[in-house]
């Protein structure tokens, strides 16, 4: 018991220290970004002086600053909520109410997961509404009505419940029935589920939210088809998505897995780019496949999730893991190990605690992502016109109001895509 107490106290201090350190670091990075963008708001960088207007540059700066300032509020509130769930006993109180009402069993555990998710969604709603109907609206990006927003909320919540609850029930069952190696079986189920989602998302899930029409522009279709043949890439179809119904942001992406891959263009993208520029953007996406970036990310996800499930498999049996994060297990305790793990609590505590510690490796993940983007750009330049890719990127940066002058430290910590200046400089060399 003495060891259990000391481990519990150590975890409490470690969690609190990481939470405060992460909060201070995030605040420091955000304020650096705000200050740097504001300082460079008055002048378009020389490299873009002939292509980007001052008005567009200032809009991007104002949009970046507005999102960053709002992000500070979200960060402070989110940290307080996390502290409330854990060390201040919120999750413990919710669990005890449900446990006292329903007693032990699958129903209580599933309801705990569902109640936690519902409360979290309700807490986030004001921030989502402000982001969509104030910030995005102010800068001309939001195209959604409140009715459409409510419809999307209903669809996404229903879908999450329909898919999430059965998967959660299966994992909870494995945790209780598959012995000490349950985490290996649960990991296999989780990975299989993710691969299944890659297969069914394009044809069954995405159409719930958007309309997808076959690409009809013969000029673009001919160029895109020739490009894919040249690159040795096959897809199930070329589609245009009605992204303009919700946002003025533009994009293009591949979706699906294996034979189910689709090429999807936002209608906003086709409206803003020339056929050659569309070619170049698609070639960039093809570069990700050519360099096996998607496969590498899936393998990385497999490895990290395996390590996560293995760690959870051990922590779920340790009483100090619960008490150190503000929860009193309501099952019998033998020494420092739970006689019977409290599975739903273990899942929730793990999901709450891991991001607090893993935040500090995010610069490494961002670095690899930026490296992949450079490689995809280089591939696109070999397959299409570098001039078209450069002009397409500039249009996308401008239309999405992406700042041309981000803080360098902020970039290294957060940016999954290199800033425009770095991408264009690489393409020019």
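Read the figures in this text as sums done on the coordinates, not as results from a lab. It should be emphasised that the depicted structure is a prediction, and the values quoted were computed from it without experimental measurement. Every residue, glycine as well, gets a Cβ built from its backbone with ideal geometry; the counts of neighbours run over all protein chains shown.
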Size-normalised alpha-carbon gyration radius of the stretch 299-429, reference 2.2 N^0.38 Å: 1.60
Inter-label distance for residue 13 and residue 148, nm, one decimal - labels placed 7 Å from Cα along Cα-to-Cβ: 5.4
Overall dimensions of the chain as given by Cα atoms, namely Rg and Dmax in Å: 24.1, 74
With eigenvalues of the C-alpha gyration tensor scaled by 5 and rooted, the stretch 219-319, Å: 36, 18, 10
Per residue, the convex hull volume that the Cα atoms of the stretch 150-284 enclose (Å³): 125
For the chain, built as a Gaussian network whose Cα springs stay under 10 Å, the top-fluctuating residue of 216, 74, 137: 216
Mean ellipticity per residue at 222 nm, deg cm²/dmol - from DSSP H runs of n ≥ 4 across the chain, formula -39500 (n - 2.57): -23000 deg cm²/dmol
For the chain, built as a Gaussian network whose Cα springs stay under 10 Å, the top-fluctuating residue of 328, 108, 39: 39
Alpha carbon centroid spacing (whole Å) that separates the stretch 56-100 from the stretch 202-240: 38
Percent of alpha-carbon pairs separated by more than 15 Å within the stretch 104-159: 61
Within a Gaussian network of the chain (alpha carbon springs, distance under 10 Å), most fluctuating of 215, 345, 102: 102
Gain on full stretching of the segment that runs from residue 218 to residue 306 - 0.36 nm per residue minus C-alpha separation: 27.1 nm
Convex hull projection area averaged over all views, the stretch 49-169, Cα basis, nm²: 10.5
Theoretical gain in end-to-end length, residue 121 to residue 51 [0.36 nm per residue, Cα-Cα removed]: 21.0 nm
Antiparallel bridge percentage (DSSP; both residues within the chain; nearest 5): 75
